[in-house]
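The values are calculated or read from the model by the stated rules, or taken from the named source; none is laboratory data. Quick caveat, the model's predicted, so the values are computed rather than measured. Note that each Cβ is placed from the backbone with ideal geometry, even for glycine, and that neighbours are counted across all protein chains shown. Remember, those area values only see protein heavy atoms, side chains included, never the ligands or the DNA or RNA. Shrake-Rupley method; radii C 1.70, N 1.55, O 1.52, S 1.80 Å.
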Amino acid sequence: MAQRMASIWSAARSKAKNPLALAAVATGAVGFGLVTYYQGQRLFADSDTPRSQFPPSANFPDLSKHNNVMASHLTPAVYGKLVHRKTPNGYTLDQCIQTGVDNPGHPFIKTVGMVAGDEESYEIFKEIFDPVIDERHGGYGPDDKHPTDLDASKIKGGVFDPKYVLSSRVRTGRSVRGLSLPPACDRAERRMVERVVVDALNGLSGDLKGRYYPLSKMTDQEQQQLIDDHFLFDKPVSPLLTCSGMARDWPDARGIWHNEDKNFLIWVNEEDHTRVISMEKGGNMKRVFERFCRGLNNVESLIKEKGWEFMWNEHLGYILTCPSNLGTGLRAGVHLKIPHLSKDPRFGDILKSLRLQKRGTGGVDTAAVGDTFDISNNDRLGKSEVQLVQTLIDGLDLLITIEKRLEKGRSINDLLPTKK
């Protein structure tokens with residue numbers, strides 16, 4: 001028995017990551033292989049140690065009726081290879097794919113079907129993330145490199161007639177390195193994200209200076225004002241988000257920060273650590289993007305001063321929870337009023353050729369109101385922020401030109417773009 005305990009102690013000393021585990025072994029832990037238990041509590045395990053008494057084939061999810069990107073690429077062989085791995089934070093493949101297992105798919109949109117629990121998920125489970133990223137982003141290989149460019153001075157044009165462009169908006173997300181993402185973070189990590197971000201935001205000055213409103217502490221008057229301003233975000237109800245674990249402990253450590261002019265806004269601990277938004281009424285997309293870049297750069301500098309940084313690498317760009325938002329995470333959009341073009345049967349094909357997408361003014365799955373559509377860039381990864389905003393601007397120039405032609409009852413055949 002003494003020899004057995006010595007063996008357990010030796011294994012524990014080499015595997016344990018904290019004094020608690022060693023102390024537990026010293027006071028009577030029982031070890032099985034590379035897994036150590038104390039009074040029935042699992043203390044630690046090797047990353048390849050099976051978590052189930054059943055083989056991977058018995059645990060493989062039924063994806064026979066699923067229509068999401070994960071389900072298209074997860075095979076029994078891939079599952080068997082990855083199921084016993086876990087990230088340094090303990091996140092597993094089954095946690096990554098749970099939202100895609102629980103939600104078979106969207107009738108019109110092929111959803112992604114998986115999320116990352118931390119920055120390391122994209123590397124530890126790359127055998128499934130890589131093909132999902134490749135399909136979702138229309139061809140992006142495991143050795144491709146993503147460009148980042150937040151120099152707004154490079155933008156050409158971007159000031160539109162408010163008769164057509166009713167409002168302009170640019171948004172992205174940022175994640176704090178070293179802390180788990182919303183699907184996986186515990187309460188302490190979530191609260192740390194809030195402290196790090198709010199501390200940095202409090203250092204902003206000039207037209208970016210503002211105030212933070214924690215959801216759990218705001219007054220009724222503050223809440224109503226944020227609702228009136230269309231700033232307030234609610235507890236996630238979409239099963240795509242709740243099945244990922246993003247609504248846990250709501251509204252603990254969630255909040256909204258905005259500047260005094262209410263045109264630079266940060267959501268804290270919603271779907272990502274932060275959601276950064278620059279917006280204003282009218283058609284000055286150039287000014288909106290300039291504020292967006294300046295705000296992001298200032299916040300990143302302030303965070304670095306405190307010893308933190310955003311998750312970024314040269315392959316995937318900025319790291320966010322959903323693979324669909326990797327790279328720039330950027331969605332630049334406008335509310336565009338085009339009553340004539342929107343009725344033309346070629347409208348959808350024109351947008352595809354311009355690498356743009358349309359939504360209703362209320363977002364995904366909503367209808368257009370008064371012939372007004374939300375038009376935005378389609379790409380996220382493989383192109384820089386400047387490239388994506390310029391793509392939107394160039395596309396809007398053409399869409400407005402086409403609308404003006406149609407107003408006069410003239411042909412638009414010579415204006416139709418070729419597919420990119």
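Before moving on, here are some points about what is shown:
- Kirkwood Rh and Cα Rg combined as Rg/Rh, the range 194-237: 1.01
- Under-5 Å amide H pairs with D118, H placed in peptide plane, nonlocal only: L181
- Residue order for K81, K126 - accessible surface, 1.4 angstrom probe, largest first: K81, K126
- Cα centre as origin, Lys/Arg/Asp/Glu Cβ charges: the range 179-253 dipole, Debye: 240
- Proximity of backbone amide H atoms, modeled 1.01 Å from N, is registered between F310 and R177 at under 5 Å, excluding neighbours fewer than 5 places apart on the same chain.
- Zero-based 10 Å bins, Cα pair distances in the range 207-339, whole percents: 10, 36, 39, 14, 1, 0
- Violating pairs (Cα-Cα greater than 18 angstrom) within the set K286/K343; K154/K383; K337/K408; K343/K408: K286/K343
- Compactness of the range 92-193, taken as the C-alpha radius of gyration over 2.2 N^0.38 Å, stands at 1.42.
- What the phi angles of the range 147-157 give under the Karplus curve with 6.51, -1.76 and 1.60, with θ = phi - 60°, is a coupling list of x, 10, 8, 10, 9, 5, 5, 7, 6, 10, x Hz, glycine and proline written as x.
- Computed P(r) (all Cα pairs; the range 230-299; 10 Å bins; percent): 18, 44, 27, 11
- Here's the picture: charge each Lys and Arg Cβ at +1 and each Asp and Glu Cβ at -1 in the chain, and of Y140, G255, S244 the one pushed furthest to the positive end of that dipole is Y140.
- For the chain, diffusion coefficient by Stokes-Einstein and Kirkwood Rh (Cα), 10 °C, 1.306 mPa s, µm²/s: 67
- Fully extending the segment from F233 to N67 would add 56.9 nm, taking 0.36 nm per residue of separation and subtracting the current Cα-Cα distance.
- Fluctuation leader among Q387, Q225, Q357 - the chain, Gaussian network, Cα springs under 10 angstrom: Q225
- Binning the C-alpha pair distances of the range 163-264 at 10 Å intervals from 0 yields a P(r) profile of 12, 39, 37, 10, 1 %, listed from the shortest bin outward.
- Rolling a 1.4 angstrom probe over the chain with all protein chains present gives an accessible area of which 51% lies on carbon and sulfur atoms.
- When +1 charges are put on Lys and Arg Cβ atoms and -1 charges on Asp and Glu Cβ atoms, the dipole computed for the chain relative to its Cα centre reaches about 180 debye.
- Within the chain, the longest run free of exposed loop sites, counting GluC sites (Glu not before Pro) that sit outside DSSP helix and strand states (H, G, I, E, B) and have at most 15 other Cβ atoms within 10 Å, spans 1-259.
- Helical contribution to [θ] at 222 nm, DSSP H n ≥ 4, -39,500 (n - 2.57), averaged over the chain, rounded to 500: -10000 deg cm²/dmol
- Inter-part distance, the range 284-335 to the range 170-215, computed on C-alpha centroids, equals 13 Å.
- For the range 301-400, the Kirkwood radius over C-alpha pairs fed into Stokes-Einstein at 10 °C and 1.306 mPa s yields D = 105 µm² per second.
- Once the chain from T75 to E123 is taken as fully extended at 0.36 nm per residue, the excess over their C-alpha distance is 15.5 nm.
- Sequence of D371, D186 from largest to smallest accessible area, 1.4 Å probe: D186, D371
- Under 5 Å, built H, 5+ apart or other chain: amide partners of G283: F160
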